[in-house]
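The values are calculated or read from the model by the stated rules, or taken from the named source; none is laboratory data. Not measured: the values here are computed from a predicted model. Cβ placement follows ideal geometry from the backbone for every residue including glycine, while neighbour counts extend to all protein chains displayed. For the accessible areas, the whole protein counts, side chains as well, though only heavy atoms, and no ligand, DNA or RNA atoms are used. Shrake-Rupley method; radii C 1.70, N 1.55, O 1.52, S 1.80 Å.
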Amino acid sequence: MCGIVGYVGPRPVADVLLDGLERLEYRGYDSAGLALGRSGALGVFKTDGRLRDLREMVDASGANVGAGHTRWATHGRPSILNAHPHLDCHGQVAVVHNGIIENYVQLREELTDQGHRFLSETDTEVIPHLVEEYYQGDLPEAVARALQDVQGSLAIVVLHAEHPDMLVVARRDSPLIIGLGQGENYVASDIPALLPYTRDVHVMENGEMAVLTQEGVKLTDWSGREIKMNPYRVNWDPAQAEKEGYEHFMLKEIHEQPRAIEDTLKGKIKGSQVVFDSLDLPVDRFNKIVILGCGTAWHAGLMGRKYIEALAKIPVEVDIASEFRYRDPMVDEGTLTIVISQSGETADTLGAMREAQRRGSRILAITNVVGSTVSREADDVIYTRAGPEIAVASTKAYMTQLVCLLLLALYLAQRRGAVDEGAAAEVLDALRGLPDQVREALKTNGKVEDLAQRLQKEQHVFFIGRGLDYPLAMEAALKLKEVSYIHAQPYPAGEMKHGTLALVVEGLPIVAIATQSALREKMLNNIKEVKARGADVVVIAPEGDDLDEVGEAVHIPRTMDLLMPLLSAVPCQLLAYHTARIKGCDVDKPRNLAKSVTVE
Ligand code: M6R
């Protein structure tokens with residue numbers, strides 16, 4: 001989850017590193033540091049603050065190689081001593097690392113017995129000491145030997161004072177991407193750091209290491225055997241990773257949703273059929289579907305279950321990835337497992353995917369990142385075309401995951417003959433109209449901002465809904481908690497009277513999502529139940545549905561019930577955003593969180 005950037009070349013090294021780190025700050029932001037390679041000595045700078053603090057302290061002179069890091073603490077609290085880079089005893093070797101060294105306690109004891117001195121509480125610090133131990137003038141050789149000793153996940157960049165022209169990098173289970181330039185080369189834990197400089201990348205595989213110099217990249221396995229690089233060109237526009245005038249990435253990404261939906265739909269509807277390039281699922285083989293994901297991706301999965309069951313008539317289970325693999329899941333060759341992950345690098349999701357794979361299940365991934373681990377290990381991939389999502393709070397990725405799930409449900413339904421032409425055409429028409437309707441839904445911004453002014457003083461908020469509105473309520477509550485730190489709880493509206501109603505007191509704010517026509521009357525009754533107990537209700541409802549008698553309404557465009565959550569998601573995202581902004585929270589980088597969670 002930490003951000004890593006490395007550079008070798010003629011540009012001002014510190015500027016490239018700091019710029020790249022800024023683009024990766026969403027991966028972790030507890031502390032930051034960088035190492036610059038100069039002839040004979042390394043310059044190392046660290047802060048337990050943010051990057052702007054680091055920028056002020058760096059002396060950038062004379063370097064043409066360097067590596068930087070933003071940290072999301074796992075072993076050891078955020079502090080200057082625990083910040084990366086970590087050094088060997090003599091300050092000759094510097095290492096930045098993402099991942100967890102599982103056997104570091106034992107290695108640390110052994111190295112201490114051999115006379116090495118440790119300064120931090122981190123697992124990472126064993127790596128520079130191991131490299132020091134093995135170093136006899138050949139840095140790649142010393143790194144390769146050190147790698148034989150460490151267990152666990154790692155993406156590392158190593159510098160040595162005697163090699164101010166070289167970076168040695170390696171990967172196992174934590175992402176690392178080499179950016180290829182002319183007379184310069186880059187490495188980073190995520191693509192957005194590279195976009196302003198190069199779009200030609202090699203995504204490192206597990207067990208690969210590489211030596212980067214200005215002249216080129218030598219890729220090998222950990223025993224030094226040369227491997228051919230497999231570069232490809234990233235099709236993300238560098239501008240997508242900029243704020244482009246918006247105050248925060250989260251707001252920009254909410255507004256990008258119409259475009260993201262259009263891009264995601266492109267090429268997937270031909271006439272009256274849903275088509276996915278290079279996807280040919282033996283649909284009749286599957287008697288069950290399992291959907292796996294974490295956080296927002298799990299919420300998308302809950303919606304996906306309803307889509308697939310409604311359209312394709314296949315039973316679906318949805319599981320939180322971190323729970324799935326430890327419950328002896330009933331998954332086999334007859335199961336299609338759908339793995340949802342924006343980043344494609346979430347450790348819990350990867351673990352669950354591998355468990356399902358081990359049990360013989362075919363894996364279909366829905367991910368946003370081409371070349372991510374999920375995309376490479378799955379049997380089939382559907383890409384959301386959201387573009388880079390920088391804000392920690394997921395918005396446009398969620399929206400495009402829902403679009404892909406709806407398309408997939410229809411694809412399965414059409415292949416199984418479970419849906420008639422008219423019904424399929426209705427869904428496809430609604431999907432085609434969705435980008436414009438999302439544009440309309442964005443016009444709720446002013447009204448939602450007023451609501452946020454009221455909400456920002458609250459400590460607890462409930463979100464209630466029935467049917468498809470319930471998983472949306474879950475996502476809406478997560479969004480508000482994540483960025484505004486207000487306790488938000490989602491409930492199935494019909495379930496309130498079985499316990500939760502006891503929590504409703506005078507003035508409790510409740511957002512009621514009431515978009516499902518078949519459940520409208522039942523939902524109205526549930527709203528009246530909470531209103532009768534003093535709740536202050538705001539209703540999200542389709543235009544034309546006059547609900548003033550039960551609460552203040554935020555109206556969104558009307559479409560078929562199946563697609564209503566994609567429209568009600570918009571005011572919910574805006575509500576979370578504005579509440580956090582008004583409260584003065586760090587919207588794009590909420591406390592304790594990181595964008596890509598690569599530890600279990
Ligand atoms: O990259 P992934 O989709 O696998 O990430 C999963 C969750 O960590 C992520 O959706 C998280 O819940 C979001 N920050 C929520 O906004």
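In the list HIS69, HIS90, HIS97, which residue meets the criterion of being touching a Ser or Thr at 6+ places or on another chain (Cβ under 7 Å) and under 28 Å from GLN214 (Cβ atoms)?
HIS97
Within segment 178-201, the residues that satisfy the criterion of being surrounded by fewer than 23 Cβ atoms within 10 Å (Cβ to Cβ) and either assigned to a strand (DSSP E or B) or not assigned by TED's automatic domain parsing to the domain that holds THR124 (or both) are LEU180, ASP200.
Considering every residue within segment 514-524, establish whether at least one is touching a residue at least 60 places away in the same chain (Cβ under 8 Å) and either not aliphatic (A, V, I, L, M) or not assigned by TED's automatic domain parsing to the domain that holds VAL392 (or both). Talk me through it step by step, then tell me what you get.
Looking only at segment 514-524, we keep the residues that are touching a residue at least 60 places away in the same chain (Cβ under 8 Å), and these are none.
So far as segment 514-524 goes, no, none of its residues is touching a residue at least 60 places away in the same chain (Cβ under 8 Å) and either not aliphatic (A, V, I, L, M) or not assigned by TED's automatic domain parsing to the domain that holds VAL392 (or both).
Taking the criterion of being surrounded by 23 or more Cβ atoms within 10 Å (Cβ to Cβ) and at pLDDT 80 or above, the residues of segment 26-41 that qualify are SER31, ALA32, GLY33, LEU34, ALA35, LEU36, GLY37. Residues that are outside any helix (DSSP H, G or I) and of a type in the set (D, E, K, R) within segment 273-319 comprise ASP277, ASP280, LYS288, LYS313, GLU317, ASP319, listed in sequence order.
Condition first: of a type in the set (Lys, Arg) and either modelled with pLDDT of 95 or more or touching a strand residue (DSSP E or B) at 6+ places or on another chain (Cβ under 9 Å) (or both). Now tell me which residues in segment 558-594 satisfy that. Of everything in segment 558-594, those that are of a type in the set (Lys, Arg) and either modelled with pLDDT of 95 or more or touching a strand residue (DSSP E or B) at 6+ places or on another chain (Cβ under 9 Å) (or both) turn out to be ARG558, ARG581, LYS583.
If the condition is being of a type in the set (Val, Ile, Thr) and open to solvent by 10 Å² or more (accessible area, probe 1.4 Å), then segment 550-597 contributes THR559, ILE582, VAL597. Pairs please, first residue from segment 549-560 and within 18 Å of GLU449 (Cα to Cα), second anywhere and among the basic types (Lys, Arg), Cβ atoms under 9 Å, 6+ apart in sequence or on different chains. So the pair list comes out as GLY551/LYS531; GLU552/LYS447; VAL554/LYS447; HIS555/LYS447.
Condition test on GLU262, is it away from the ligand (no atom under 16 Å from the Cβ) and closer than 21 Å to LEU442 by Cβ? Judged against the criteria, GLU262 is a match. Are any residues in segment 335-345 within 14 Å of the ligand (Cβ to nearest atom), free of Cβ contacts under 8 Å to residues at least 60 places away in the same chain and open to solvent by less than 20 Å² (accessible area, probe 1.4 Å), and if so, which ones? VAL339, SER341, GLY344 - these are the residues of segment 335-345 that are within 14 Å of the ligand (Cβ to nearest atom), free of Cβ contacts under 8 Å to residues at least 60 places away in the same chain and open to solvent by less than 20 Å² (accessible area, probe 1.4 Å). Yes or no: GLN148 open to solvent by 10 Å² or more (accessible area, probe 1.4 Å), of a type outside the set (Phe, Trp, Tyr) and assigned to a helix (DSSP H, G or I)? Yes, satisfied. Annotation for segment 391-400: at least one member residue is of a type in the set (Lys, Arg), assigned by TED's automatic domain parsing to the domain that holds LYS252 and touching a helix residue (DSSP H, G or I) at 6+ places or on another chain (Cβ under 8 Å). The residue list ASP319, ASP348, ASP332 contains one member that is away from the ligand (no atom under 16 Å from the Cβ) and either in the same structural domain as ILE382 (by TED's automatic domain parsing) or open to solvent by 20 Å² or more (accessible area, probe 1.4 Å) (or both), which is ASP332. Right, ALA594: closer than 17 Å to GLU458 by Cβ and not charged (D, E, K, R) or not? So ALA594 fails the test.
Suppose the filter is open to solvent by 10 Å² or more (accessible area, probe 1.4 Å), within 23 Å of the chain's Cα centre (by Cα) and without any contact (Cβ under 8 Å) to a residue 60 or more places away in the chain; does ARG55 pass it? When the stated conditions are applied, ARG55 does not pass them. Number of residues in segment 351-363 that are more than 14 Å from the ligand (Cβ to nearest atom) and either touching a residue at least 60 places away in the same chain (Cβ under 8 Å) or surrounded by fewer than 18 Cβ atoms within 10 Å (Cβ to Cβ) (or both) equals 8. Each residue in segment 202-251 was checked for being farther than 26 Å from ILE390 by Cβ, open to solvent by 40 Å² or more (accessible area, probe 1.4 Å) and in a strand (DSSP E or B), and 2 pass. Among the residues of segment 381-403, not a single one is in contact with a Gly (Cβ under 9 Å, 6 or more places away or on another chain), away from the ligand (no atom under 15 Å from the Cβ) and not β-branched (Val, Ile, Thr). Residues in segment 378-405 that are modelled with pLDDT under 95 and closer than 22 Å to ALA155 by Cβ: 4 in all.
Within segment 364-378, residues that are farther than 21 Å from VAL290 by Cα and in the same structural domain as ALA352 (by TED's automatic domain parsing) sit with their Cβ atoms under 6 Å from residues that are open to solvent by 10 Å² or more (accessible area, probe 1.4 Å) and more than 11 Å from the ligand (Cβ to nearest atom), at 6+ positions apart or across chains, in these pairs: GLY371/VAL203.
Say whether the condition of being over 30 Å from ALA312 (Cα atoms) and either touching a Leu at 6+ places or on another chain (Cβ under 8 Å) or in the same structural domain as THR559 (by TED's automatic domain parsing) (or both) is met by at least one residue in segment 416-435. So far as segment 416-435 goes, no, none of its residues is over 30 Å from ALA312 (Cα atoms) and either touching a Leu at 6+ places or on another chain (Cβ under 8 Å) or in the same structural domain as THR559 (by TED's automatic domain parsing) (or both). Evaluating ASP19 against the criteria (1) of a type outside the set (A, V, I, L, M, F, W, C); (2) open to solvent by 40 Å² or more (accessible area, probe 1.4 Å); (3) at pLDDT 85 or above leaves one unmet condition, (2). Residues of segment 68-98 that are over 18 Å from GLU132 (Cα atoms) and either in contact with a Pro (Cβ under 8 Å, 6 or more places away or on another chain) or open to solvent by less than 10 Å² (accessible area, probe 1.4 Å) (or both): GLY68, HIS69, THR70, ARG71, ASN82, ALA83, ASN98. Since ILE314 meets every condition but one in (1) in contact (Cβ under 8 Å) with a residue 60 or more places away in the chain; (2) under 30 Å from ILE582 (Cβ atoms), which condition does it not meet? The single condition ILE314 does not satisfy is (2).
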